[in-house]
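Asks: Below is a structure I'd like to ask you about.
Every number in this text was worked out from the coordinates using simple rules, so none of it is lab data. Quick caveat, the model's predicted, so the values are computed rather than measured. Note that we place each Cβ from the backbone using ideal geometry, even for glycine, and neighbour counts take in every protein chain shown.
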Amino acid sequence: MRISTKGRYSLEALLYMALLPKGEYVSTRAIAEATGISDGYLEQLFIPLRKAGIVQGIRGPLGGYLPGRELSEIRVGDILRVVEGPLELVECVNSEVCPKEANCVSKHTWSELYREISRCVDSITLVDLVEAYHAMDKLEYVI
């Protein structure tokens, strides 16, 4: 499984938004300037994120975007599934009918990997990412 720029940039944009004061709208232009992600690409990413309620937007000169739910309710898995699609490594993992299932020696492995990936990305919220970001400032590197 490979997370594309859709997933990485969506997560980066949402982390940027999460670091702002609560309730502060931010334009895609401001996010683009701060992150180096194209303004047009951010607009495209925010379409499905808005439909899913992960971001909310308002038009106008003072408009922009902000997280659509509490940061503790937005999981990395939610974001990735919206922009990347299903997280299954192979199609048969959640298939109801697989013609090879009776003789498949690898379905269990793929199912376990899918469960672990889902467990991991669903256990991380934007609050966790904000805390990790702030903890980075406190780290001291000694060589």
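Asks: Could you grab the relative contact order for region 5-138? Cα pairs under 8 Å, six or more apart, rounded to a whole percent.
Replies: 28
Asks: Taking 0.36 nm per residue of separation and subtracting the Cα-Cα distance, what length does fully extending Glu73 through Glu131 add?
Replies: 19.4 nm
Asks: Of all GluC sites (Glu not before Pro) in region 1-57, which ones are in loop regions per DSSP and have a Cβ with at most 12 other Cβ atoms within 10 Å?
Replies: In loop regions of region 1-57 (DSSP not H, G, I, E or B), the sparsely surrounded GluC sites (Glu not before Pro) are Glu24.
Asks: How large is the helix-only mean residue ellipticity at 222 nm for the chain, computed as the sum of -39500 (n - 2.57) over DSSP H runs with n ≥ 4, divided by its residue count, in deg cm²/dmol to the nearest 500?
Replies: -16500 deg cm²/dmol, from helical runs alone.
Asks: Oh, and also: Please report, ordered by residue number, every helix of the chain (full DSSP H runs) that is 20 Å or longer along its axis going by C-alpha atoms and whose mean Kyte-Doolittle hydropathy reaches -0.5.
Replies: Counting only whole DSSP H runs, the qualifying helices are 5-19.
Asks: Okay, next question. For Lys6, go through the lysines and keep the ones whose alpha-carbon is under 25 Å away, minus same-chain ones fewer than eight residues off.
Replies: Answer for Lys6, where 25 Å is the Cα cut-off: Lys22, Lys51, listed by chain and number.
Asks: Another one. Please identify every one of the chymotrypsin sites (Phe, Trp or Tyr not before Pro) in region 50-135 that sits in a loop by DSSP and has no more than 12 other beta carbons within 10 Å of its own beta carbon.
Replies: none
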